[in-house]
Each structure stands twice: as structure tokens, then as C-alpha cells.
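See structure below.
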Amino acid sequence: MDTLELLTRLGISIGLGLLVGMQRERKGEELAGIRTFALLTVLGTLLAICGRQLASPWLVPAGVVALGGIMATGYFIKARTQQKAVGLTTEIAALLMFGLGAYIADGDKMVAVVMGGAVFLLLYWKSVMHAFVQHMGDQDFSAIMQFVLIALVIWPVLPRERMGWYGFFNPFETWLVVVLVVGMSLIGYVLYKLVPPTASALLGGAVGGLISSTAATVSYSRRSRTDPSSAPLAAQAIMMANTVSVLRVIILLSLFAGDRVMPMVQPVAALAGILALLSLVTFWLGRHTHAELPPQGNPTELKAAFLFAGIYTVVKLATAWGKATVGATALYVVGGVSGLTDVDAITLSLGDSAGNHTVAVSIAWRVIVVAILANLLFKGASVMVLGNARLKKWVAGLFLAGLAGGIALIILWPS
């Protein structure tokens with residue numbers, strides 16, 4: 001390691017120590033503040049460097065033992081002199097930053113910076129995190145536990161080889177798709193819990209789009225029937241939910257399309273821009289009024305997860321069969337039919353196929369746009385059935401404009 005690299009790593013070490021130490025000192029922590037944390041982190045880095053250069057791997061473990069003893073002594077002194085209960089946060093943070101300093105000596109610098117920032121945020125967001133946990137109900141806890149089951153128990157043990165006709169089915173990859181989609185829905189569910197009930201319909205639609213744009217569309221359509229004056233707000237929320245649902249498609253493509261992501265994302269982003277522009281138009285309809293967020297159910301129900309896995313598998317098989325027997329034109333039929341109820345499945349299937357160079361990019365993104373437009377038609381029909389007359393008029397005009405924009409993209413966007 002040359003001198004510049006050594007100084008860079010030491011600089012990162014002291015910077016992260018100062019950052020975490022600053023937060024501890026602002027909280028009034030007497031045991032370890034800004035200077036102590038900086039010194040501990042740099043000590044970890046220096047011991048790791050010296051251990052490597054002197055061929056003495058015991059230096060870092062010895063430092064951990066010594067630091068643990070010092071922290072334990074400080075903790076017991078603090079516990080005896082204070083009447084209230086004393087936590088171990090500062091002591092654990094000190095040991096963690098020492099270990100992070102040791103990692104910086106040879107590890108990835110970006111990982112070290114991210115971890116240091118994460119430690120700082122965990123310490124800084126104490127009140128927010130405690131408030132969130134205290135306000136959790138049984139349904140909220142169940143949602144998190146079910147996601148843990150989906151992501152950390154079921155997924156890692158699934159087989160990773162391809163099976164079935166055309167090798168369309170890979171249990172590990174299929175369940176990864178479930179983890180990603182359910183995870184995004186869980187993020188929306190958490191945001192829904194954090195957002196106050198008086199949040200605007202614009203924000204309500206955005207959160208609804210993260211969870212389920214179809215559910216948000218149905219919810220606001222029903223509300224408009226019970227309160228006809230809420231039609232502008234309902235249109236605002238519905239358009240925002242559909243815009244966010246297209247942004248969600250872009251995120252999924254970014255994860256699965258590999259090195260072909262840019263030519264696939266660009267036309268879909270153009271469609272998202274059209275819907276965003278229409279959402280801004282609706283913002284003026286109810287900008288002075290507030291609306292409550294629609295009630296949202298648990299997004300991590302196992303039944304819903306298995307249902308999505310089944311839909312994705314069927315779409316994957318239909319895509320492989322259609323391309324092998326009928327040709328690429330069959331994909332448009334598959335996209336249109338599957339898009340009526342769900343866009344994520346066809347998006348992930350074609351994103352993966354395009355990334356593996358088994359489907360042409362120009363066909364893949366067009367099929368995805370067809371699925372989005374079919375989904376828009378389905379939700380428009382839901383509004384026509386459930387909404388009041390004023391909402392129907394607004395949504396009909398807005399959705400027709402979105403459909404026209406999507407069709408124009410399919411026809412005019414260069415291959």
C-alpha cells in the first residue's frame with residue numbers, strides 16, 4: 001500500500017469516527033464523544049495495518065478485548081452514578097466503529113463509508129424508530145415477520161437450476177421476484193403508516209402506487225361515489241398512483257435487464273413522463289383540499305405472494321412458448337392479457353429475457369408498454385363502474401391522453 005492510499009484510508013477512518021462521535025456528543029454522552037470515537041476508529045485501522053505488516057494477526061483481537069474491558073468499566077461506573085436505566089448503545093457503537101476502522105485497512109472503502117453512514121443514521125433516528133415500533137400493531141408486526149419468512153427463510157433454500165419446458169422455471173429466481181415485489185409493497189405500507197391521515201391525495205396516490213395502483217384506483221373511485229365533491233382529489237390520486245406504478249416498472253427493469261437496461265428504460269420513462277404531466281394537471285383540481293389515505297391491507301400475505309409467483313411463472317412459460325412456436329408477435333398478446341391484472345410479472349419476465357439476449361429489446365419494451373396500457377384500460381373500466389359522473393369524465397379524458405401517448409411511443413419510438 002502506497003503512502004497516498006494509506007493516508008486516504010486513515011482519513012476515511014477518522015472522518016467516520018468524527019461523524020458518529022459528533023452524534024453521540026450531541027446526545028450528551030459522557031463516556032465517548034467526538035474525539036473518542038475518532039481515536040477508536042483510527043486505532044482499529046492502525047492496529048489492522050500494523051498486524052498485517054508485522055505478521056501479528058492478534059493485534060486487532062487484543063484491541064477488541066482491551067476496548068471491551070474499558071467500555072465495560074465505563075458502563076458500570078455510569079450505571080452506579082445514574083439513577084435511571086442505562087443503555088449499551090454507546091458501548092456497542094464504540095466496538096462497532098473500532099471494527100469498522102480495522103475493516104478500512106484492507107476492505108472496500110465504499111462499503112466502509114456506507115456502513116459508517118448507516119451507523120450514524122441508526123443512532124440519529126433513535127426517536128423516530130422507537131416511535132415507529134411503539135405504534136406498531138399486530139398487523140404491522142405480522143407484515144414484517146411474513147416478509148422475513150419470504151425473504152430470509154424460503155428464498156435462500158430454493159433450488160437454483162432451470163426446470164420444465166424451455167427451461168422457463170427457476171425456483172430461486174422466481175422467488176427472488178416475489179421478494180422484490182413484496183419488498184416494494186412493504187416499503188409503501190410502511191410509508192402509509194408514517195404519513196399522517198391528513199396527507200394530500202397526491203401523496204396518498206403515490207403511496208398507493210407503490211403498494212397497488214389498482215387498489216388505489218378502486219379505493220378512490222369508491223370514495224368519489226360516497227362524496228361527489230371529492231372527484232378532483234380522486235382524479236389527482238388515481239393519476240399519481242398510475243404514474244408511480246410506471247416508475248415501479250422502471251425500477252424492476254433496472255434490476256433485471258442487465259446491460260440492456262437503458263434502451264428498455266428510456267421509452268418507459270417517456271411514458272412515465274406523460275403520466276406525470278397529466279398528474280400535474282390534476283393537481284390543480286384539488287390543490288387546496290386534503291384527503292385521507294385509503295386503508296391498506298397487509299402487503300406481505302403469503303397467499304398473495306404465492307399468487308404472484310404463480311402469475312409470474314405462467315407468464316414466463318407463455319413468453320417462452322409464444323416465442324418458440326408462434327413468434328415474437330405472440331408476446332404482445334401475452335403482454336396485453338397479463339397486463340390487465342398485473343404489470344410486474346410481464347415486466348420481470350421480459351426484463352430477464354432481454355437481459356439474457358433471448359428477446360430483442362425493441363420487442364421487449366413495446367410488450368411492456370402494451371401491458372401498461374392494458375392495465376390502464378382495466379383501471380379505467382373500474383373507474384367507470386365505481387366512480388361518480390364527474391370523476392368518470394376527468395379520468396376518461398386523462399386516461400385517453402395517456403393511452404394515446406403510449407400508442408404513439410410504440411409506433412414512433414425508433415427501434
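The values are calculated or read from the model by the stated rules, or taken from the named source; none is laboratory data. The shown structure was predicted, so the numbers you read here are calculated from the model rather than taken from an experiment. Because the Cβ atoms are built from the backbone with ideal geometry, glycine has one as well, and the counts that use them run over all protein chains shown.
Do we have ALA374 as modelled with pLDDT of 85 or more, in the same structural domain as SER212 (by TED's automatic domain parsing) and assigned to a helix (DSSP H, G or I) here?
Values: modelled with pLDDT of 85 or more: yes; in the same structural domain as SER212 (by TED's automatic domain parsing): yes; assigned to a helix (DSSP H, G or I): yes.
It is true that ALA374 is modelled with pLDDT of 85 or more, in the same structural domain as SER212 (by TED's automatic domain parsing) and assigned to a helix (DSSP H, G or I).
Condition first: closer than 16 Å to ILE250 by Cβ, β-branched (Val, Ile, Thr) and part of a helix (DSSP H, G or I). Can you find one or more residues in region 379-390 that meet it?
The initial filter retains those residues of region 379-390 that are closer than 16 Å to ILE250 by Cβ, namely none.
No, because not a single residue in region 379-390 is closer than 16 Å to ILE250 by Cβ, β-branched (Val, Ile, Thr) and part of a helix (DSSP H, G or I).
Residues PHE120, PHE141: which one is outside the structural domain of ARG52 (by TED's automatic domain parsing) and either within 22 Å of the chain's Cα centre (by Cα) or over 26 Å from TYR75 (Cα atoms) (or both)? Working first, answer last.
Numbers: PHE120 fails: outside the structural domain of ARG52 (by TED's automatic domain parsing).
PHE141 is the lone residue from the list that is outside the structural domain of ARG52 (by TED's automatic domain parsing) and either within 22 Å of the chain's Cα centre (by Cα) or over 26 Å from TYR75 (Cα atoms) (or both).
For the list (1) under 30 Å from PRO171 (Cα atoms); (2) assigned to a helix (DSSP H, G or I), I need the number of the one condition that ARG160 fails.
If we test ARG160 against (1) under 30 Å from PRO171 (Cα atoms); (2) assigned to a helix (DSSP H, G or I), just (2) comes out false.
Which of the residues spanning region 336-371 are of a type in the set (D, E, K, R) and either under 18 Å from VAL261 (Cα atoms) or in a helix (DSSP H, G or I) (or both)? It would help to see each step written out before you state the result.
The initial filter retains those residues of region 336-371 that are of a type in the set (D, E, K, R), namely 342, 344, 352, 366.
Once the filter is applied, which keeps residues that are of a type in the set (D, E, K, R) and either under 18 Å from VAL261 (Cα atoms) or in a helix (DSSP H, G or I) (or both), region 336-371 yields ASP344, ASP352, ARG366.
Counting only residues that are without any contact (Cβ under 8 Å) to a residue 24 or more places away in the chain and not charged (D, E, K, R), which one in region 22-45 is surrounded by the fewest Cβ atoms within 10 Å (Cβ to Cβ)?
The extreme case among them is GLY28.
Residues of region 318-348 being buried (at least 19 other Cβ atoms within 10 Å of the Cβ), modelled with pLDDT of 70 or more and not β-branched (Val, Ile, Thr), which ones?
Of everything in region 318-348, those that are buried (at least 19 other Cβ atoms within 10 Å of the Cβ), modelled with pLDDT of 70 or more and not β-branched (Val, Ile, Thr) turn out to be LEU331, GLY335, SER338, GLY339, ASP342, ASP344, ALA345, LEU348.
Hey, can you tell me all the residues within region 1-26 that are hydroxyl-bearing (Ser, Thr, Tyr) and within 29 Å of the chain's Cα centre (by Cα)? Even if it seems obvious, please write down each step before you answer.
So in region 1-26, the residues hydroxyl-bearing (Ser, Thr, Tyr) come out as 3, 8, 13.
Listed by number, the list is empty, since nothing qualifies.
Scan region 190-198 and tell me whether some residue there is of a type outside the set (Lys, Arg) and at pLDDT 70 or above. Show your work before the answer.
Of region 190-198, the ones of a type outside the set (Lys, Arg) are 190-192, 194-198.
Filter again for at pLDDT 70 or above, leaving 190.
Yes, there is a match, as at least one residue in region 190-198 is of a type outside the set (Lys, Arg) and at pLDDT 70 or above.
Can you tell me which residue is modelled with the highest pLDDT among those in region 219-231 that are surrounded by fewer than 20 Cβ atoms within 10 Å (Cβ to Cβ) and outside any loop (DSSP other than H, G, I, E, B)?
First pass over region 219-231, keeping only residues surrounded by fewer than 20 Cβ atoms within 10 Å (Cβ to Cβ): 222, 225-229.
Remaining after also requiring outside any loop (DSSP other than H, G, I, E, B): 222, 225-226, 228-229.
Working: ARG222: 70, ARG225: 74, THR226: 71, PRO228: 70, SER229: 71.
Only one residue tops the list, namely ARG225.
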